[in-house]
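S.K.: This is the structure I have questions about; it appears just below.
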Amino acid sequence: MSNIQKAFENGKAFIPFITCGDPDLETTGKCIRAAVENGADLIELGIPFSDPTAEGPVIQGANIRALNGGVNTDKIFDFVRELRKDIKIPMVFMTYANVVFSYGAEKFISTCKETGIDGLVLPDIPFEEKEEFLPYCKKYGLDLISFIAPTSENRIAMIAKEAEGFIYIVSSLGVTGTRSEIKTDLHKIVQVIRENTDVPCAIGFGISTPEQAHQMAETADGVIIGSAIVRILEKYGKDAPEHIGKYVKDIKQAVSR
């Protein structure tokens, strides 16, 4: 079994997203520990990039703050090594193809394995182009996470059959960010996924409230939240960890109801 799938063994999973280095790596570490203590099942760590095409203004802002603070990929790898001394739940990186290419794909993925990262989320790599990274992921035992979006339609079954770790369902068209309402027929998407794989699926993009999280968890195996957490970081800065802990606790209770 993939280590990532352990996050889904005990009911519905909550996956918080945090940008590494916003406002600094010390605060990132405290936020991750607060999230884990309050029920997070898997952590999605964002490696900042100058042109994060999948992100709305909130996470774009986090990327800029982190990069301005001097964070880079090597510092983040060292940071994960420290995290792994006490954080045992699965962790994945979310970043962009250019970050991996510029580091060297095999070097990046082998270092992910060495530091304790379990999977890789690359939102700008379509399913049809994953072969540039997949052989290295298989060589080093990382799950390359597949995306299924409202526009995937006839490709859902094909993507699901080859999925690893978990499937990231994009709830709505557009970039990340909170939404007052999610109108996509997610039940239909999940039904096709279930017909083609046993790999768990989690819904992200646009979810921010406990009510929305509960609703999404009724449909899928897990819920991913990023922008709402990054907004807490933007508001409270170094004092954010206790606020993020409380938020994670509320969301985890909602998805477990």
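Laboratory data are not the source of any read-out in this text; all were calculated from the coordinates shown. Just so it is clear, the structure is predicted and the values come from calculations on it, not from any experiment. Don't worry about glycine lacking a Cβ; one is built from the backbone with ideal geometry, like all the others, and counts go over all protein chains shown.
S.K.: If you take volume of the Cα convex hull per residue in Å³ from the coordinates, which of [x] 132; [y] 110; [z] 188 do you get?
M.R.: Given [x] 132; [y] 110; [z] 188, the structure-derived one carries the label [y].
S.K.: Where is the GNM fluctuation largest for the chain (alpha-carbon springs, 10 angstrom cutoff): Asn68, Asn196, Asn38?
M.R.: Largest GNM mean-square fluctuation: Asn68.
S.K.: Tell me, what is the FRET efficiency for Asp198 and Lys138 to the nearest 0.05, using R0 = 25 angstrom and their Cβ-Cβ distance as r?
M.R.: 0.85
S.K.: Tell me the label-point distance for the pair Gln253, Asp86, using the 7 Å Cα-to-Cβ offset, in nm and rounded to one decimal.
M.R.: 2.5
S.K.: Cut-off 19 Å, label point 7 angstrom out along Cα-to-Cβ of Glu129: give me the residues of the stretch 96-119 whose amide nitrogen falls inside.
M.R.: Only 96-106, 108-109 fall inside the zone, counting backbone N under 19 Å.
S.K.: Still on this model: Among Ile159, Ile225, which comes first, second and so on when ranked by fewest other beta-carbon atoms within 10 Å?
M.R.: The most exposed by this proxy come first: Ile159, Ile225.
S.K.: For the pair Lys6/Lys238, report the inter-label distance in nm, with labels modelled 7 Å from Cα in the Cβ direction.
M.R.: Taking the two extended label points, one gets 3.4 nm.
S.K.: Rounded, prolate or oblate: which one fits the stretch 27-105, using the alpha carbon gyration tensor with axes a ≥ b ≥ c (rounded when a/c is under 1.5, else prolate when a/b beats b/c, else oblate)?
M.R.: It is prolate, given that a/c is not under 1.5 and a/b is the larger ratio.
S.K.: Of the options Val192, Leu83, Ile148, report the single residue whose Cα projects farthest towards the positive end of the charge dipole of the chain (beta-carbon charges: Lys, Arg +1; Asp, Glu -1).
M.R.: Of the options given, the answer is Leu83.
S.K.: Would you mind ranking Ser152, Ser256 by Cβ crowding within 10 Å, fewest neighbours first?
M.R.: Lowest to highest Cβ neighbour count: Ser256, Ser152.
S.K.: Got the relative contact order for the chain handy, in percent, Cα pairs under 8 Å and 6 or more residues apart?
M.R.: 26
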